[in-house]
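Notes follow the structure.
The values are calculated or read from the model by the stated rules, or taken from the named source; none is laboratory data. The structure displayed is predicted, hence computed values, not measured ones. Neighbour counts are summed over all protein chains in view; Cβ atoms, including those assigned to glycine, are modelled from backbone coordinates with ideal geometry. What goes into the accessible areas is simple: the full protein's heavy atoms, side chains included, and nothing from ligands, DNA or RNA. Shrake-Rupley method; radii C 1.70, N 1.55, O 1.52, S 1.80 Å.
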Amino acid sequence: MGGPWPVVVQTMWKDPLPKGLLAQDPRMDDILSHIETLKALGCDIVRFAVPDEVSARSLGELSKASPMPVVADIHFDWRLALLCLDFPIAKIRINPGNIGERWKVEEIVHKAKDKGVPIRIGVNAGSLPTDLRDSIKQGHINEVEAAVVAAEREIAVLEDLSFSNIVVSIKLNEPNKVVEANRLFASKYSYPLHLGVTEAGPLISGVVRNTAALVSLLKDGIGSTIRVSLSAPMESEVIAAREILACVDENSARARIVSCPRCGRASFDTHAFLARWQDRLYSIEKPISIAVMGCVVNGPGEARSADLGVTGAGNSVLIFRHGEIIRRAALEDADKVFAEALEGILTE
Ligand code: SF4
């Protein structure tokens, strides 16, 4: 992560890890299967909250089997950080300022260094140190500057212990402030930045707010990893992050979906079709475009650049490639004929 490497997508597990998770455990199979789905959609890293020792031990078992790098997210308790570092985790998120006495931080840092595990420092506007909050109230400093100072303090603790395997996140609630804070930080430091808008909201507002902030930063070359935090499923976070990356770099190696909003002319329910097909289509690791259109009035024509498309046509659906109709079928057979055409294009 960082430097010349591509920007990586991450999400955070939305539920507590089950207690007493073991390798041979149906609950482990369910979690691994879900992680595989996220991976297929384009997720690169998954972070887990570790609020107690039971969670840490379950994360330890999971980290041994996970097909995706696993990150431990720890607040306050240095013993949990030390315990997680016994497992093959890819990164640990702590804030030295939350850990307390210096010797506790030192123990974590020494162990992270021994294990080669990076530490992510995460600054959130909602949990700035008291003195910085007071300075904001008194007008001595603004929220953006305070967030950067908070990150600088955490970095100073780690650098003082000769630790530089650091990732930094500075998350605020307003997109413009996220942009300002990360630009300010990037002008001073070369540490990899994890980008995101904190408490961005439910699906629609969260995607819009994250897009507003992250596209600007990524276009400036700022950001090594992103998470679109949403009050919505992890799959939505991953797909939103992918679409944001595609806004910045159109040469995606993965499939893109084009679809019409549907209107009174539609004879084919594009919404329902996409609900059934979305995860499958976003899992395609081939740079193809796929169109899902409601009617022939605009369907194949408007989507003529698509490598594969499906559109309603009265009581039928048409399958088309680059605007050329290659197959017609009854509406009820839409999924079947589309699946066959997709298989054909994927095996070419
Ligand atoms: S493709 Fe047809 S159904 Fe879809 S929005 Fe356009 S006119 Fe309406």
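A few points about this structure:
- Highlighted here are the helices (runs of 4 or more DSSP H) found entirely within segment 41-107 that include at least 1 residues which are at pLDDT below 95: 78-84, 96-99.
- Residue match in segment 97-117 (condition: under 18 Å from I170 (Cβ atoms) and surrounded by 19 or more Cβ atoms within 10 Å (Cβ to Cβ)): no
- Members of segment 281-312 that are open to solvent by 10 Å² or more (accessible area, probe 1.4 Å) and more than 29 Å from the chain's Cα centre (by Cα): C295, V296, V297, N298, P300, G301, E302, R304
- If only residues of segment 199-210 that are surrounded by 19 or more Cβ atoms within 10 Å (Cβ to Cβ) and closer than 19 Å to A125 by Cβ are counted, the one that is modelled with the lowest pLDDT is A200.
- Condition met for F273 (in contact (Cβ under 8 Å) with a residue 60 or more places away in the chain, open to solvent by 10 Å² or more (accessible area, probe 1.4 Å) and within 14 Å of the ligand (Cβ to nearest atom)): no
- Test: E250 is open to solvent by 20 Å² or more (accessible area, probe 1.4 Å), within 25 Å of D44 (Cβ to Cβ), away from the ligand (no atom under 16 Å from the Cβ) and free of Cβ contacts under 8 Å to residues at least 24 places away in the same chain: yes
- V54 being in the same structural domain as I170 (by TED's automatic domain parsing), within 13 Å of P16 (Cα to Cα) and in contact (Cβ under 8 Å) with a residue 12 or more places away in the chain: yes
- Considering the conditions (1) over 24 Å from V228 (Cα atoms); (2) in contact (Cβ under 8 Å) with a residue 60 or more places away in the chain, E159 is excluded by exactly one of them, (2).
- Residues located in segment 119-150, provided they are in contact (Cβ under 8 Å) with a residue 40 or more places away in the chain and surrounded by fewer than 19 Cβ atoms within 10 Å (Cβ to Cβ): N124, G126
- All positions within segment 215-233 that are in contact with a strand residue (DSSP E or B) (Cβ under 8 Å, 6 or more places away or on another chain) and more than 26 Å from A275 (Cα to Cα): L217, L218, I222, G223, S224, T225
- R304 within 25 Å of N251 (Cα to Cα) and within 16 Å of the ligand (Cβ to nearest atom): yes
- Tabulated pairs, segment 279-295, first under 16 Å from D335 (Cβ atoms) and without any contact (Cβ under 8 Å) to a residue 60 or more places away in the chain, second among the polar types (S, T, N, Q) and open to solvent by 20 Å² or more (accessible area, probe 1.4 Å), C-beta under 6 angstrom, 6+ apart or interchain: V292/S259
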